[in-house]
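Note sheet for the following structure.
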Amino acid sequence: MRSLFLALSLAAGSAGATAAEITRVEDCAPAIAADPAAAREQASVWYRLGGGTAARLCEASALEAMGADATAAQLLTGLAQNTNRVMSVPLRVSIIEDAGRLWLAAGRADLARETLASADRLSPPSAARLILRARAEAAEDDWTAAEASLSAALTEEPDNARARALRAATLRQLGDPAAALAEANRARAEDPDLPEAMFEAAAALAETGDTEAASQLWLDLIETQGDGDLAVLARRNLGAIN
């Protein structure tokens, strides 16, 4: 949601004060923290009374806080595609990227990819957009495309440990566990406790035949992550190799 609030700050100049309870950008975050459903209604009133783009972004933030990712993504996609609404290119791109992120969170990787492609037509992709695109590509098992996106992202941000951990996953899925292990170890060198890097290093170790080292690394991950998604996968993998 942080990036949505960044978009809100970019849109602040277009918002006018009204009689709604949320009348300005600064009101949005505390209202959502207090009651996201009520904040969504207040933001909708603010929009109808002239709040403009900022009000719509506030409403999308509230929807995200409510767990309504697909609805928020749909709202943002429509907002960004409305060519009659005047906004700066950076703001429109930020909104599109948030829509893509929310489509992915809603399980619609296809719409995430389509949405992010529209951002590429407005500006060259940043490392963050490339990583988001790679996540959507990976969600559709398009590992070749994901690897290419991550390689491009790492050209811009070579010290991005999360991107390296994700690239390790793509290399493993593409059948190169040795390269995956090297990439996961590089990610761990940047961030030794990064769960994704630990998991991928263990997975690559297991595929290269070092099940003892893989088991220990997965046990370390389980100890630090408790009941997290990666810990669940680590337990499942431990059961498969032991």
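Points to keep in mind about this one:
- Single match in A39, A112 (criterion: at pLDDT 95 or above, surrounded by 24 or more Cβ atoms within 10 Å (Cβ to Cβ) and in contact with a Phe, Trp or Tyr (Cβ under 9 Å, 6 or more places away or on another chain)): A112
- Complete set of residues in segment 134-150 that are under 16 Å from R164 (Cβ atoms) and open to solvent by 40 Å² or more (accessible area, probe 1.4 Å): R135, W143, A148
- Filter result for the condition that a residue is more than 20 Å from the chain's Cα centre (by Cα) and more than 20 Å from R235 (Cα to Cα), over A201, A182, A187, A161: A182
- For L130, the conditions (1) open to solvent by 40 Å² or more (accessible area, probe 1.4 Å); (2) closer than 21 Å to A99 by Cα; (3) touching a Ser or Thr at 6+ places or on another chain (Cβ under 6 Å) are fulfilled apart from (1).
- The one condition in (1) within 27 Å of D110 (Cβ to Cβ); (2) at pLDDT below 95 that A62 fails to fulfil: (2)
- Qualifying positions in segment 164-177 - within 23 Å of the chain's Cα centre (by Cα) and either outside any loop (DSSP other than H, G, I, E, B) or β-branched (V, I, T) (or both): R164, A165, L166, R167, A168, A169, T170, L171, R172, Q173
- Residue selected from segment 160-180 under the condition surrounded by 24 or more Cβ atoms within 10 Å (Cβ to Cβ) and of a type outside the set (A, V, I, L, M, F, W, C), by the criterion farthest from A128 (Cα to Cα): T170
- For the residues E190, E183, the requirement of being open to solvent by 40 Å² or more (accessible area, probe 1.4 Å), touching a helix residue (DSSP H, G or I) at 6+ places or on another chain (Cβ under 7 Å) and over 29 Å from S118 (Cβ atoms) singles out E190.
- Residues (of a type in the set (A, V, I, L, M, F, W, C) and assigned to a loop (DSSP other than H, G, I, E, B)) located in segment 107-157: L122
- Within segment 47-98, considering residues that are on the phi > 0 side of the Ramachandran plot and in a helix (DSSP H, G or I), the one most open to solvent (accessible area, probe 1.4 Å): G50
- Residue check, E41 of a type in the set (D, E, K, R), free of Cβ contacts under 8 Å to residues at least 24 places away in the same chain and over 29 Å from P158 (Cα atoms): yes
- Selection from segment 191-219 of residues that are over 15 Å from A169 (Cβ atoms), of a type in the set (D, E, K, R) and either touching a Phe, Trp or Tyr at 6+ places or on another chain (Cβ under 8 Å) or at pLDDT 95 or above (or both): D191, D210, E212
The values are calculated or read from the model by the stated rules, or taken from the named source; none is laboratory data. The shown structure was predicted, so the numbers you read here are calculated from the model rather than taken from an experiment. Every residue, glycine as well, gets a Cβ built from its backbone with ideal geometry; the counts of neighbours run over all protein chains shown. Side chains included, ligands, DNA and RNA excluded: accessible areas come from the protein's heavy atoms. Shrake-Rupley method; radii C 1.70, N 1.55, O 1.52, S 1.80 Å.
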